[in-house]
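These notes concern the structure reproduced below.
The values are calculated or read from the model by the stated rules, or taken from the named source; none is laboratory data. All values reported here derive from a predicted model rather than from experimental measurement. Note that we place each Cβ from the backbone using ideal geometry, even for glycine, and neighbour counts take in every protein chain shown. SASA here: full protein model, heavy atoms, side chains in, ligands and nucleic acids out. Shrake-Rupley method; radii C 1.70, N 1.55, O 1.52, S 1.80 Å.
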Amino acid sequence: MLLHYGPQLVNLLAAILLLLAFAMLSQRRILSLINLFAAQGFVLFLSTMLVAWLTGQNHLYGSAALTLALKVIALPWILHRLIRRLEVKWDVETLLNIPSVMLVGIVLVILAFNLALPISQLAGTVTRSTLGIALACVLLSFLMMITRSKAVPQVIGFLAMENGLFFAATSAVYGMPMVVEFGVALDVLVGALILGIFLFQIRERFDSVDTRHLEKLKEQ
Amino acid sequence: MSGTLDLTLAIATLWLAVGLAGLVAPRNLGLIRRLLFPLGAVLGLALAASALHGLFQSPTARVLPLGLPDLPFRARIDALSAFFLLLLGGVAAGISVFASGYIRRGEGTPPGLQCLYYHIFLASMALVLIADDAYFFMVAWETMALASFFLVTSDHRHAEIRRAGYLYLLIAHVGAIAILLCFGALQGGSGDYSFAGMRGVERPVGWASAAFLLALAGFGAKAGLVPLHVWLPEAHPAAPSPVSALMSAVMLKTAVYGVLRVTLDLIGTVYWWWGVIALATGLLSALGGIVFAAVQTDMKRLLAYSSIENIGLIFAGFGLTLIFRSFHMGTLAALALTATLYHCLNHACFKSLLFLCTGSVLHATHERSLGKLGGLMHRMPWVAWCALIGTIAIAGLPPLNGFASEWLLLQAFLFTPGLPHSYLNMLVPVAAAVVALTAALSGYVMVKFYGVVFLGQPREPKLAEARDAGAWERVGLAWLAAACIVLGLVPAAVIGLLDPVTRALTGFGMASLAEGWLFLAPIQPERASYSPLVFFAGIAALVGIAWLAVRLRYHGRMRRTGPWDCGFPHLDARMQDTAEGFGQPVRQVFEPFFRIEQQVPAPSDARPFFREVHDDRLWHWLYLPIARAVDRVTSLVTVLQRGRISVYLTYSFVTLLLLLLFVR
Amino acid sequence: MISAAGFAAQFTELMLAVLLAPVLTGWVNQCRAWLQNKSAPGLLQPYRVLAKLFRKEVVLAHNASPLFRFAPYLIFGCLALAAAIVPTLGTDLPLNAAADAIALVGLLALARLFIALAGMDIGTAFGSLGARREMLVGFLAEPALLMVLFTASLISGSSSLATIVETLAHRELVIHPSLAFAGVAFTMVSLAENARIPVDNPATHLELTMIHEAMVLEYSGRHLAMIEWAASLKLFVYSCVGLALFFPWGIAEGGDWLGIVLALPVLLVKLALGGAGLALIETVSAKMRIFRAPEFLGTAFLLAVLAMLVHVLLEH
């Protein structure tokens, strides 16, 4: 019974992932942004578990646990601490107004699906149609990084991008080898820490974490 | 059918005769108002009746004893022509009756001359619809453009009206050149410019595409498709209201006729990307038109922009037809084409109705600006109720006619996900969303139009003297309002009329698929069905029961007093929303569409002054650069200008010599 | 084609909607009061208000036109018909063949047009302001609702609401990811269309932020009662559309009497849960500035478009 609905459930989780990506794109508040990021991590955890169970690939359980530990617990915790220390809880203005950003997002989704179409036709996995969504999530997170001027949302965008990649890996090819996965996870963690330190430095220098201030560093 | 063709030719001739009769006594208003215009209306009715008969006959052609030697005029009537003739005759009848009450001694063109232009305009439109070769078509087309130019500039004492007229003439001719080139591409080297000859030619993709694009540009310029729409909001307000009505209702449709004739009949094989281009320009026009309509402060300009929107929807439907047809989905192509043609008919009815209403308001108040109207419901109830019908129809609300065609169009979109092309499959839902947004925005615009003109308090003291429309005007308005209602309530019958047209152009008809006369059910009744009559009866019954129940159970006590307005005692007319205020949210949401110049007062200004101008970006991106380039080129040419006759004669002489040498 | 049982079911549904709508409004108000730690009015409070209004005489402005007096009945009629179209108990509804999902949206738009025109009729500052804002909400909410319904129509291959419900509830269960998007969009649209927080506040008067209440300020007596009843019906219609699209289980297929009788308690439970959910959303969210409303609704509209796209992409 569940085996019958399994692929459909993975599709549903993929759609929720996309929905969360759009929610992040249209969210003004940093605090909600972090919560959405955590929710995305949780959906990713669920989908990885599901794929592991459906395909019997046991190493995917490990990936799922890693996702839960890192993306649902550790990183949001770090980010929460970060914004508490930086005292940047308030609204962020986006560079473009939100419906326009979403309009661009829709174009990206159409593009991503068409780009992923030939690859997903090659893949023989049960969940191949989700590859387009994974690519769309990556592109949307990228778009989010572009349209924000504050540093913290940009960091979140960077992390969300990795979520999309991870989802592509689990859904299309049933996960990467464990070593690679650990490496990537470590990269992300270290990346987040370095970015955190970087942010403190920016604030020390400019009294703000608005990355538009970095324009001043340009040589005249 | 030959009867219909002969009758159409006879009616066109009689229209010309009526027009010429106006010249006999150009200042005799009584003759023109009481005899000539009503006669024109009767001829319109006759044309509609004969076209209705002709719709169901097989096509007939005839060579006329007119034209140049070896190049006679050919005329032909088939279902497509007959349908547009029906539209022309039916709408022109209403407009002519209205005009006989409307026309009066102005400061510009004398009434007799206006009568002449008006009837030449009607006759030339009829001839455009039956022309069967490029030569006859272009002659009729240009006559139509010139007659309408003279009608637009009826009040030629005003500089801005002359300017509007010239802009119209310019774009009409740019379009005409494109159409001429299109016919050149269509004849495919055979030298045969008759439509029958063009139908037989096998063309390579390149030539066919060139012909299609030229037709889209040429007819699009006449129809007011973005980016060639700029003349419309200038010319429609400048023209007298019956002329605006006629141009918007019928002349724009001749352009639709032209594009349908060229693409679906003369070219024959179509490619899917043509459909995408037509769909995209159509949607752009629809959305742009309605967004601009929302910020207008002149009621006729507002309606002109709304015409751009409706033409956009018509072209979107046409694009969908092309897409379906290119994939050989015959039934769906017929559905999309039915929606397109139905919307043509509907737009002709409600837009002419609303333009005529603005005419009555203009005569009664001498105001076109929305900011100086208001509360006319009490002074002009007849016009107000007719305008309300037009408002509901144009806003695309059930059970009137605007909804019926939009319903069909949306149904056509709902069937698209079977297209064998992945990008198209994804773009079509987006297109449906734009159509839905446009339809909703038109509701916004029409609430603004109706609310500001007819409801609320009068914004100027002189509005208290406004008089309702006269008897002739009322008949014209009632005719068109009735058409809006009837076309809305019996869509199955209308689809029956469209059936021969879609059968001729796509090979499939919709009539057999409508579920009886009561229900409208394209494809299958389980998929979708709509019955405006039942719908209307349902609302009427529920409203009646509610009213009766309240009246019988409780009471009908009522007391009249001043408005409450949250207890604010000093209410006056200036506290209502102005037209600018009502349009402000749309201006804010769709800000990138506009080029806004704003002058906002500082808090410390002793005499605060606020000014805002919003402008079409295309004007600055496309038209002004072209105008400047033309200016620059012409300033180079001025070198030739010497002002001495002998120099000019030398030019002619040299040219003559060169030509002689060249053809030697 | 149309059975006597169908007519009976249609009549039952219509009467049920008209009678139940004020109770639903009362239930939402009650839940909200509980959640906000206030003492709640009775469940039948909206009925008491209606009865009071019906008994009072109408106080009409001098310059009110016939349109102003006619509009409340028309709006009520439109929304009652809308309630009759949406399947709540069974799917064998004769009126369903006369009006599909697109016609339902058209019907709601017709009601909106008339309430906005009535708001502008007297020519007060508040009336025209309310009308403008109502149309602002409308022009974004209406296409969003249409796109949500389109998504369901694409899934079931029909724009008839009865067929949509039959496909979703009585065919083999299929998970439709697109409905997740449609659901979010629909929730946002319903909040805006029913004058709820975060777009409007149904409990406010004399505030510069009001939308719906500003339009109907000039109404009194039986006219106001009709408007209020129509507003309740609108909430009921939206709730039932939401239930029909996203929780259709329990609605009887065809005109089977037993199924219809069983469907009634299921409907009541679903409405009670939905109403409580609405009260919860209203309690936890803050009212937006009016200029954020287009952004909110634009997001809803684009989400609805995305729902259609996701359907085309994932479910084909």
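Below is a table of values for the structure above.
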{"read-out": "Scan of region C:157-168 for residues that are open to solvent by less than 20 Å² (accessible area, probe 1.4 Å) and either at pLDDT below 85 or facing another protein chain (nearest Cβ under 10 Å) (or both), ordered by number", "value": "C:Ser158, C:Ser159, C:Ser160, C:Ala162"}
{"read-out": "Test: B:Pro491 is open to solvent by 10 Å² or more (accessible area, probe 1.4 Å) and either in the same structural domain as B:Ile539 (by TED's automatic domain parsing) or out of contact with any Pro (no Cβ under 9 Å at 6 or more places or on another chain) (or both)", "value": "no"}
{"read-out": "Residue in region B:439-464 that is farthest from the other protein chains (Cβ to nearest Cβ), counting only those that are touching a residue at least 12 places away in the same chain (Cβ under 8 Å) and surrounded by fewer than 20 Cβ atoms within 10 Å (Cβ to Cβ)", "value": "B:Lys462"}
{"read-out": "Test result for C:Glu315, open to solvent by 30 Å² or more (accessible area, probe 1.4 Å), farther than 30 Å from C:Arg55 by Cα and within 14 Å of chain A (Cβ to nearest Cβ)", "value": "yes"}
{"read-out": "Test set (1) farther than 20 Å from B:Gly538 by Cα; (2) within 14 Å of chain B (Cβ to nearest Cβ); (3) surrounded by fewer than 16 Cβ atoms within 10 Å (Cβ to Cβ) - C:Ser39 fails condition number", "value": "(2)"}
{"read-out": "Qualifying residues in region C:9-33 (those that are surrounded by fewer than 19 Cβ atoms within 10 Å (Cβ to Cβ) and either in contact with a helix residue (DSSP H, G or I) (Cβ under 6 Å, 6 or more places away or on another chain) or without any contact (Cβ under 8 Å) to a residue 12 or more places away in the chain (or both)) - the one farthest from the other protein chains (Cβ to nearest Cβ)", "value": "C:Ala33"}
{"read-out": "Count of residues meeting criterion [more than 18 Å from B:Leu489 (Cβ to Cβ) and out of contact with any helix residue (DSSP H, G or I) (no Cβ under 6 Å at 6 or more places or on another chain)] in region B:527-555", "value": "8"}
{"read-out": "Matching residues in region B:193-237 - criterion: being part of a helix (DSSP H, G or I), open to solvent by 10 Å² or more (accessible area, probe 1.4 Å), of a type in the set (A, V, I, L, M, F, W, C) and more than 28 Å from B:Leu68 (Cβ to Cβ)", "value": "B:Val205, B:Leu213, B:Leu216"}
{"read-out": "Hey, C:Phe291 within 30 Å of C:Leu89 (Cβ to Cβ) and surrounded by fewer than 22 Cβ atoms within 10 Å (Cβ to Cβ) or not", "value": "no"}
{"read-out": "Criterion violated by B:Phe590 - all others in (1) more than 7 Å from chain C (Cβ to nearest Cβ); (2) surrounded by fewer than 17 Cβ atoms within 10 Å (Cβ to Cβ); (3) within 28 Å of C:Arg289 (Cα to Cα) satisfied", "value": "(2)"}
{"read-out": "Residue in region C:60-71 that is of a type in the set (Lys, Arg), out of contact with any Asp or Glu (no Cβ under 9 Å at 6 or more places or on another chain) and farther than 20 Å from B:Cys566 by Cα present", "value": "no"}
{"read-out": "Residues being crowded, with 24+ Cβ neighbours inside 10 Å and either without any contact (Cβ under 8 Å) to a residue 60 or more places away in the chain or of a type in the set (D, E, K, R) (or both) - total across region C:123-132", "value": "2"}
{"read-out": "First in region A:52-69 and under 18 Å from A:Leu165 (Cβ atoms), second anywhere and assigned to a helix (DSSP H, G or I) and charged (D, E, K, R), Cβ under 6 Å, 6 or more apart", "value": "A:Ser63/A:Glu181"}
{"read-out": "Tally of residues being assigned to a helix (DSSP H, G or I), open to solvent by 70 Å² or more (accessible area, probe 1.4 Å) and touching a Lys or Arg at 6+ places or on another chain (Cβ under 8 Å) across region B:594-635", "value": "1"}
{"read-out": "Tabulated pairs, region C:217-237, first over 17 Å from C:Leu117 (Cα atoms) and within 9 Å of another protein chain (Cβ to nearest Cβ), second of a type in the set (D, E, K, R) and assigned to a loop (DSSP other than H, G, I, E, B), C-beta under 8 angstrom, 6+ apart or interchain", "value": "C:Gly221/B:Arg557; C:Gly221/C:Lys56; C:Gly221/C:Glu57; C:Arg222/C:Lys56"}
{"read-out": "Residues being free of Cβ contacts under 8 Å to residues at least 60 places away in the same chain and out of contact with any helix residue (DSSP H, G or I) (no Cβ under 6 Å at 6 or more places or on another chain) - total across region B:281-302", "value": "1"}
{"read-out": "Odd one out for C:Ser178 among (1) buried (at least 23 other Cβ atoms within 10 Å of the Cβ); (2) facing chain A (nearest Cβ under 10 Å); (3) not in a helix (DSSP H, G or I)", "value": "(3)"}
{"read-out": "Qualifying residue in region C:186-200 (condition: more than 17 Å from C:Ala244 (Cβ to Cβ), in a helix (DSSP H, G or I), more than 13 Å from chain A (Cβ to nearest Cβ) and basic (Lys, Arg))", "value": "no"}
{"read-out": "Residues of region B:465-474 satisfying the condition of being outside any loop (DSSP other than H, G, I, E, B) and surrounded by 18 or more Cβ atoms within 10 Å (Cβ to Cβ)", "value": "B:Trp472, B:Glu473, B:Arg474"}
{"read-out": "Close pairs from region C:85-97: first more than 14 Å from chain B (Cβ to nearest Cβ), partner surrounded by 24 or more Cβ atoms within 10 Å (Cβ to Cβ) and hydroxyl-bearing (Ser, Thr, Tyr), Cβ under 9 Å, at least 6 apart", "value": "none"}
{"read-out": "Among (1) assigned to a loop (DSSP other than H, G, I, E, B); (2) open to solvent by less than 60 Å² (accessible area, probe 1.4 Å); (3) among the aromatic types (Phe, Trp, Tyr) - the single one C:Phe296 does not satisfy", "value": "(1)"}
{"read-out": "Matching residues in region C:260-287 - criterion: being in contact (Cβ under 8 Å) with a residue 12 or more places away in the chain, open to solvent by 40 Å² or more (accessible area, probe 1.4 Å) and aliphatic (A, V, I, L, M)", "value": "C:Leu262, C:Leu264, C:Val266, C:Leu280, C:Ile281, C:Ala286"}
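Matching residues to (1) surrounded by fewer than 24 Cβ atoms within 10 Å (Cβ to Cβ); (2) facing another protein chain (nearest Cβ under 8 Å); (3) within 22 Å of B:Leu287 (Cα to Cα):
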position	(1), (2), (3)
B:Trp385	yes, no, no
B:Ile394	no, no, yes
B:Leu397	no, yes, yes
B:Phe403	no, yes, yes
B:Leu408	no, no, yes
B:Leu419	yes, no, no
B:Asn425	yes, yes, yes
B:Val430	yes, yes, yes
